[in-house]
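The values are calculated or read from the model by the stated rules, or taken from the named source; none is laboratory data. Keep in mind the model is a prediction, meaning the values are calculated, not measured. Note: ideal-geometry Cβ built from the backbone for every residue, glycine included; neighbour counts use all protein chains shown. What goes into the accessible areas is simple: the full protein's heavy atoms, side chains included, and nothing from ligands, DNA or RNA. Shrake-Rupley method; radii C 1.70, N 1.55, O 1.52, S 1.80 Å.
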Amino acid sequence: MALIYVVEDDRNIQEIETFALSGAGYQTRGFDCAAGFYRALEEEKPDLVLLDVMLPDEDGLTVVQKLRNCRDTVFLPVIMVTAKTTEIDKVKGLDMGADDYLTKPFGVMELISRVKAMLRRSQAGRDQHMGPGPTGWFGTNRLVLGEVVMDQEKHAVTVCGRVCELTYKEYELLKLFLANAGIVLTRDVILERVWGSSFEGESRTLDMHIKTLRQKLGDQGGMIRTVRNVGYIMQG
């Protein structure tokens, strides 16, 4: 039975979410601030986090960024919940590392559907990367193409021997390209694997991330090539 942490400072909304998730067969724990959530993480890691953007002690965007910067929680599925509805808010949340986005108000059925879909993708990702050796479902420690080296154990990228600072989504995008070097990836495949769910403007978000990733890779960025009307390929 999956364990879900609900981080929401509005007690009424928190109760509705936890009640709905419990009714769908999930274990739940509710928190009304980031501090309580962090303490719970030290005791037990959940299978998914439902995270409100506006918290009394710390912004939800900061919380998800911290999760992505910690090795123990870098791949912990996070669905952000907020009353904000503009595209830039969604892009910011997803770029910081959120896997999906729910905008208030939302229905119970939509909540359950998003949670089920996210847990399925999370399990599929673990199954895909699972293998023998100490790296577990992180798979092979190093991915290398040209002068680009990704050390998955350290969650670090170097280009021509120098550290390359990437956002969470840029890192995930590069990892997908490196793991599928020489293979054309359609836009739909990239969006599903890196962003996980769709929203208006997501296609533009992909193009924006490709552009910034190429820039950060410098001369090596030319290995990421556009395949007209299909998607992208990375090859040396």
Every residue from segment 222-231 that is modelled with pLDDT under 95 and open to solvent by less than 20 Å² (accessible area, probe 1.4 Å): Gly231
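Can you tell me which residue among Asp188, Asp151 is charged (D, E, K, R), over 16 Å from the mean Cα position of the chain (by Cα) and open to solvent by less than 50 Å² (accessible area, probe 1.4 Å)? Step through it out loud before you land on a result.
Numbers: Asp188 fails: open to solvent by less than 50 Å² (accessible area, probe 1.4 Å).
Matching residue, one of Asp188, Asp151: Asp151.
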Boolean, Gly36 is among the small types (Gly, Ala, Ser) and at positive phi: no
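When you go through Asp57, Asp52, Asp127, Asp99 one by one, which is the residue that is modelled with pLDDT of 75 or more and open to solvent by 70 Å² or more (accessible area, probe 1.4 Å)?
On the way: Asp52 fails: open to solvent by 70 Å² or more (accessible area, probe 1.4 Å); Asp127 fails: modelled with pLDDT of 75 or more; Asp99 fails: open to solvent by 70 Å² or more (accessible area, probe 1.4 Å).
So the residue among Asp57, Asp52, Asp127, Asp99 that is modelled with pLDDT of 75 or more and open to solvent by 70 Å² or more (accessible area, probe 1.4 Å) is Asp57.
Give the residue that is modelled with the lowest pLDDT, with candidates limited to residues of segment 154-179 that are aliphatic (A, V, I, L, M) and surrounded by fewer than 16 Cβ atoms within 10 Å (Cβ to Cβ). Can you show your working first?
Taking segment 154-179 and keeping what is aliphatic (A, V, I, L, M), we get 156-157, 159, 163, 166, 173-174, 176, 178-179.
Now restrict to residues that are surrounded by fewer than 16 Cβ atoms within 10 Å (Cβ to Cβ): 156, 163.
On the way: Ala156: 88, Val163: 91.
Step by step, filter segment 154-179, then rank; the result is Ala156.
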Residue match in segment 200-209 (condition: open to solvent by 50 Å² or more (accessible area, probe 1.4 Å), of a type in the set (A, V, I, L, M, F, W, C) and in contact with an Asp or Glu (Cβ under 8 Å, 6 or more places away or on another chain)): no
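Name the helices (runs of 4 or more DSSP H) wholly within segment 1-101 that hold at least 2 residues that are polar (S, T, N, Q) and more than 19 Å from the chain's Cα centre (by Cα)? Break it down into steps so the answer makes sense when it comes.
On the way: elements: 11-23, 34-43, 60-68, 87-96.
Answer list for segment 1-101: 11-23.
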Filter result for Gly146 (within 30 Å of Ile13 (Cα to Cα), open to solvent by less than 70 Å² (accessible area, probe 1.4 Å), modelled with pLDDT of 85 or more and not aromatic (Phe, Trp, Tyr)): no
Set Leu217, Leu145, Leu174, Leu178: member being closer than 17 Å to Gly97 by Cβ and of a type in the set (A, V, I, L, M): Leu174
